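Peer 1: Following this message is one structure expressed as structure tokens.
The values are calculated or read from the model by the stated rules, or taken from the named source; none is laboratory data. Note that the structure is a prediction, hence the values are computed from the model and not measured. As a convention, Cβ positions derive from the backbone with ideal geometry for all residues, glycine included, and neighbour counts pool all protein chains shown.
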Amino acid sequence: MLNYLKIDSNSEIPKYKQVVDLFISDIEAGIFKQGQRIPSINETSEELLLSRDTVEKAYVYMKKKGIVLAVRGKGYYINRVNVSKKLKICMIFNKLSNYKRSIYYSFVKTMGTKASVDVFIYNYDLDEFETIVNKNLNSYDYFVILPHVRNENANISEVIKKIPREKVLIVDRFLEELKDYPVVYQEYDKDIQSALTCGIDLLRKYSRLNLVFPQAEYYPPYIVRGFRIFCQVYGFNNAVIDRMEDSEINAGEAYIIVSDDDLYAFIRRIKQKNWTLGKECGVVAYNENQVKEILCEGITTISTSHEEIGQLAAQMILTQKFERIKSPFQFIRRNSL
């Protein structure tokens with residue numbers, strides 16, 4: 001049965017998962033029928049030249065998935081034949097945005113044909129998040145979750161704990177209550193400090209730094225904390241502004257803008273004044289994208305690599321190497337400072 005197939009020792013896919021894939025291939029090919037007994041763990045171990053522990057892990061995995069049924073004293077039997085090697089993955093996002101799309105597209109590209117991915121949006125609403133989890137609890141192999149809710153005190157971790165732990169991968173935000181879960185995360189307060197420090201020679205040109213941070217859009221408040229710590233450490237006059245449309249733009253000051261809507265409003269007003277970015281005033285935008293690279297001869301940005309976040313998350317699932325990874329954050333110099 002399996003003797004024409006081999007285990008690839010150089011593959012990133014764990015050997016036990018390769019064993020599972022071999023059995024699924026045989027089921028899909030009709031080699032194994034419903035109710036048919038499959039070779040024992042020892043027989044498969046000898047046939048594939050693998051350790052008994054590796055093969056046993058594969059059998060336990062197939063039993064959990066309902067692919068095989070264990071009968072005491074008799075062995076393992078095919079429980080169902082409507083199986084597929086393709087994983088089903090549920091991505092739960094707090095909202096749609098350019099950088100969330102970047103995470104999604106990178107994740108899907110890295111997974112390739114090995115998974116089908118469905119996206120659900122809960123709009124920062126904990127009740128909506130819980131509804132999505134409850135409805136899909138038994139429908140997916142993995143849940144990739146971006147945990148951001150309106151109320152920072154809301155206990156989203158307790159809802160996430162409803163999902164079997166081995167199915168959960170947290171993305172974008174580290175939660176202390178889930179510190180033992182796999183995660184690819186940003187460290188918002190420290191990230192903005194380290195990034196702005198990289199551009200301190202440019203920021204010193206300005207009499208005041210202004211963080212434009214829209215309260216109504218539910219951005220992580222740790223960004224404000226990190227900004228204030230940076231300004232205190234380096235002695236910058238500073239202010240936190242709610243929305244750009246409600247604030248005057250002052251010559252000789254720099255603006256660190258979180259929302260793209262505020263950035264575009266800022267640029268419109270700069271053009272009305274016939275000012276040049278990097279001369280009369282400066283701007284740093286949060287979250288890199290291709291538009292900012294060419295807009296106004298280049299907008300300076302501070303940003304993580306959203307594509308890398310999606311890639312790292314997908315690689316964890318593909319390799320079954322689940323860990324805690326800090327996403328890199330950088331300061332990208334352009335003409336706007």
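Peer 1: Among Asn123, Asn151, which is in the same structural domain as Leu318 (by TED's automatic domain parsing), in a loop (DSSP other than H, G, I, E, B) and at pLDDT below 90?
Peer 2: On the way: Asn123 fails: at pLDDT below 90.
None of the others qualify; the one that does is Asn151.
Peer 1: Among the residues that make up the stretch 85-105, is at least one of them surrounded by 20 or more Cβ atoms within 10 Å (Cβ to Cβ), touching a helix residue (DSSP H, G or I) at 6+ places or on another chain (Cβ under 9 Å) and within 19 Å of Ile24 (Cβ to Cβ)?
Peer 2: Yes, some residue in the stretch 85-105 is surrounded by 20 or more Cβ atoms within 10 Å (Cβ to Cβ), touching a helix residue (DSSP H, G or I) at 6+ places or on another chain (Cβ under 9 Å) and within 19 Å of Ile24 (Cβ to Cβ).
Peer 1: Step by step: first the residues of the stretch 106-120, then only those that are out of contact with any Asp or Glu (no Cβ under 8 Å at 6 or more places or on another chain) and assigned to a helix (DSSP H, G or I), then the one that is farthest from Pro147 (Cα to Cα). Which residue is that?
Peer 2: Thr113
Peer 1: Okay, next question. Given the options Leu178, Leu209, name the one that is in contact (Cβ under 8 Å) with a residue 12 or more places away in the chain and more than 18 Å from the chain's Cα centre (by Cα).
Peer 2: Leu209
Peer 1: For the stretch 232-247, what are the residues that are closer than 22 Å to Tyr264 by Cα and in contact (Cβ under 8 Å) with a residue 12 or more places away in the chain? Explain how you work it out, then say what you get.
Peer 2: Going through the stretch 232-247, the residues closer than 22 Å to Tyr264 by Cα turn out to be 238-247.
Correct list: Asn238, Ala239, Val240, Ile241, Asp242, Arg243, Met244, Glu245, Ser247.
Peer 1: Can you tell me which residue among Ala58, Ala115, Ala70 is among the hydrophobic types (A, V, I, L, M, F, W, C) and under 21 Å from Ile163 (Cβ atoms)? Give the derivation first.
Peer 2: Numbers: Ala58 fails: under 21 Å from Ile163 (Cβ atoms); Ala70 fails: under 21 Å from Ile163 (Cβ atoms).
Going through Ala58, Ala115, Ala70 in turn, just one is among the hydrophobic types (A, V, I, L, M, F, W, C) and under 21 Å from Ile163 (Cβ atoms): Ala115.
Peer 1: Of the residues Glu308, Glu288, which is surrounded by fewer than 23 Cβ atoms within 10 Å (Cβ to Cβ) and either part of a helix (DSSP H, G or I) or more than 25 Å from the chain's Cα centre (by Cα) (or both)?
Peer 2: Details: Glu288 fails: either part of a helix (DSSP H, G or I) or more than 25 Å from the chain's Cα centre (by Cα) (or both).
None of the others qualify; the one that does is Glu308.
Peer 1: Out of (1) part of a strand (DSSP E or B); (2) surrounded by fewer than 17 Cβ atoms within 10 Å (Cβ to Cβ), what's the single condition that is false for Lys321?
Peer 2: Condition (1) is where Lys321 drops out.
Peer 1: May I ask you to say which residue of Ile309, Ile332, Ile299 is touching a Ser or Thr at 6+ places or on another chain (Cβ under 8 Å), under 17 Å from Glu253 (Cβ atoms) and not acidic (Asp, Glu)?
Peer 2: Values: Ile309 fails: under 17 Å from Glu253 (Cβ atoms); Ile332 fails: under 17 Å from Glu253 (Cβ atoms).
Unique residue meeting the criteria: Ile299.
Peer 1: Name the single residue, out of those in the stretch 43-58 being in contact (Cβ under 8 Å) with a residue 12 or more places away in the chain and part of a helix (DSSP H, G or I), that is surrounded by the fewest Cβ atoms within 10 Å (Cβ to Cβ).
Peer 2: Our first condition is that a residue be in contact (Cβ under 8 Å) with a residue 12 or more places away in the chain; within the stretch 43-58, this holds for 44, 47-50, 54-58.
In the following step, the residues that additionally are part of a helix (DSSP H, G or I) were identified as 44, 47-48, 54-58.
On the way: Thr44: 23, Glu47: 14, Leu48: 21, Thr54: 18, Val55: 23, Glu56: 17, Lys57: 19, Ala58: 25.
Within the stretch 43-58, the match that is surrounded by the fewest Cβ atoms within 10 Å (Cβ to Cβ) is Glu47.
Peer 1: If a residue has to be at positive phi and out of contact with any Ser or Thr (no Cβ under 7 Å at 6 or more places or on another chain) to count, how many in the stretch 238-276 make the cut? Give the steps one after another, and end with the answer.
Peer 2: We begin by selecting, within the stretch 238-276, every residue at positive phi; these are 252, 274.
Restricting the remaining residues to those that are out of contact with any Ser or Thr (no Cβ under 7 Å at 6 or more places or on another chain) gives 274.
Total satisfying the criteria: 1.
Peer 1: Moving on. How many residues does the stretch 181-206 contain that are over 20 Å from the mean Cα position of the chain (by Cα) and among the hydroxyl-bearing types (Ser, Thr, Tyr)? First the steps, then the outcome.
Peer 2: Here is the first cut: in the stretch 181-206, the ones over 20 Å from the mean Cα position of the chain (by Cα) are 193-206.
Among the residues that remain, those that are also among the hydroxyl-bearing types (Ser, Thr, Tyr) are: 194, 197, 206.
Selection size over the stretch 181-206: 3.
Peer 1: Still on this model: For the stretch 191-217: of the residues being within 14 Å of Ser247 (Cβ to Cβ) and in contact with a Phe, Trp or Tyr (Cβ under 8 Å, 6 or more places away or on another chain), which is surrounded by the fewest Cβ atoms within 10 Å (Cβ to Cβ)?
Peer 2: Quick first cut of the stretch 191-217, residues within 14 Å of Ser247 (Cβ to Cβ) only: 208-215.
With the extra rule that they be in contact with a Phe, Trp or Tyr (Cβ under 8 Å, 6 or more places away or on another chain), the set shrinks to 208-213.
Working: Arg208: 14, Leu209: 22, Asn210: 23, Leu211: 22, Val212: 23, Phe213: 22.
Looking at residues that are within 14 Å of Ser247 (Cβ to Cβ) and in contact with a Phe, Trp or Tyr (Cβ under 8 Å, 6 or more places away or on another chain), I get Arg208.
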